[in-house]
Amino acid sequence: MKRIIRILTILFFVTLVFAQIELPRPKPEDVIIRHVGYTLSYNETHEQANWVAYELTLEEVNGIFERTNDFRPDPMVKTGSATLADYRGSGYDRGHLAPAGDMKWSAIAMSESFYMSNMSPQRPSFNRGIWKRLEEQVRKLAVDNKSVYIATGGVLIPGLIRIGPNQVSVPEKFYKVILDYQEPELKGIGFILPNKGSKEPLQNYAVTIDKVESVTGIDFFYALPDEIEEEIESKINLSKWSFSRTKTSYKQYSKREQPVGIVNINYASKEELMALKGIGPVLAERIIQYRRANGKFRSVEELIKVKGIGSKTLEKLRPYINVR
């Protein structure tokens, strides 16, 4: 029995290495699209994501890249995503699901956060009000807890109002679920907010992750061991989370410390990669494509998996790259 338990434990941790904890359980009809900073499940019927999921770390919160505002269709949505024309004159904001403010750690991630697949119609009073407050709160939680896993989206149900030539659905409610999977205290929390302005405290909209699952039909954090998943998703303890009504200056909590001249290969743009010795435009593009297909590099050694990078090239690059 002990041997079986040990084998199962090893298999579980091996699974975690290759799986992203933040990704909800995929359904047969899901169209999963991976970008540098986030992964999404695209819903063609509603012309937006069922969910957008990503990890946000303390180091990523203090990124240096500014908003690009380059809203555009997502080229990876084969059936065609929503377009700018769908929102024009509608009275609704192009509301980010994965916010640009969480993608400041990479030029590519920032730019890709403006794909229309990452947008959902939001009332201006909601998008620029309580939804923005929740986004800022999540960044504070990432700092407080070193790392959090996030899944977010609109509650997509039949009969919603639609806008634009592509008939983009307007959710009546939006959700976020957040997982802190850092010891010593594992915990989770969910939020369901109506698509309208509100000055109420965010705590008033806090619910269990189980509640969000019942409303959305999405199975969040299924990669966790069953006992841990049940414990985290069935309970909510607001005292374990730090809430603030004011905008936090995150740089007071941490500074992004990275030696000058060293590039993080998980976040570097094509231009940054091309600045490295031995990495031209072809190899830089292959590294980016690898990240899109497989997620973050878990070690510097994984660069060898990129076609065209051998052990000699890796040794030349090693002093100038990291994956932190």
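Where a number appears in this text, it was derived from the coordinates with a stated rule and is not lab data. Note that this is a predicted model, so its numbers are computed, not measured. As a convention, Cβ positions derive from the backbone with ideal geometry for all residues, glycine included, and neighbour counts pool all protein chains shown.
Give, to the nearest whole percent, the P(r) tail of the chain beyond 34 angstrom, counting all Cα pairs.
Working: 12771 of 52326 pairs.
In whole percent, the long-distance tail amounts to 24.
Under 16 Å between alpha carbons, and skipping anything fewer than 8 positions from residue 277 in its own chain: which aspartates and glutamates qualify?
Straight-distance partners of residue 277: 285, 315.
Sort the following peptides by mean Cβ neighbour count (other Cβ atoms within 10 Å, averaged over residues), highest first: 67-76, 105-114. Kindly include the intermediate steps, with their values, before the conclusion.
On the way: 67-76: 13.9, 105-114: 23.1.
Listed from highest to lowest mean packing, they are 105-114, 67-76.
Lysines within cross-link reach of residue 187: Cα-Cα under 18 Å, excluding same-chain residues under 8 positions apart?
140, 146, 176, 211, 235, 240
Just rank 138, 323, fewest to most, by other beta-carbon atoms within 10 angstrom. Can you show the working numbers first?
On the way: 138 21, 323 15.
Result, fewest neighbours first: 323, 138.
Among the aspartates and glutamates, which fall within straight-line cross-link reach of residue 78, defined as a Cα-Cα distance under 19 Å, with same-chain neighbours fewer than 8 residues apart omitted?
Candidates past the 8-residue exclusion: 29, 30, 44, 47, 86, 112.
Determine ³J(HN,Hα), in whole Hz, for all residues of the stretch 41-47 in sequence, where each value follows from phi through the Karplus function 6.51 cos²θ - 1.76 cosθ + 1.60 and θ = phi - 60°; x replaces Gly and Pro.
10, 8, 10, 5, 4, 9, 6
Restricting to DSSP loop positions (anything but H, G, I, E, B) with no more than 12 other Cβ atoms inside 10 Å of their own Cβ, which GluC sites (Glu not before Pro) remain in the stretch 129-209? Kindly include the intermediate steps, with their values, before the conclusion.
Values: sites: 135, 136, 172, 185; in loops: 172, 185.
Loop-located and lightly packed - 185.
Go through 200-210, 145-155, 55-65 and give me the packing order, highest mean Cβ count within 10 Å leading.
Numbers: 200-210: 15.6, 145-155: 22.8, 55-65: 18.9.
In descending order of packing, they fall as 145-155, 55-65, 200-210.
Mind listing the long-range amide H neighbours of residue 264? Cut-off is under 5 Å, sequence gap 5 or more, other chains count too, H placed in the peptide plane at 1.01 Å from N.
322
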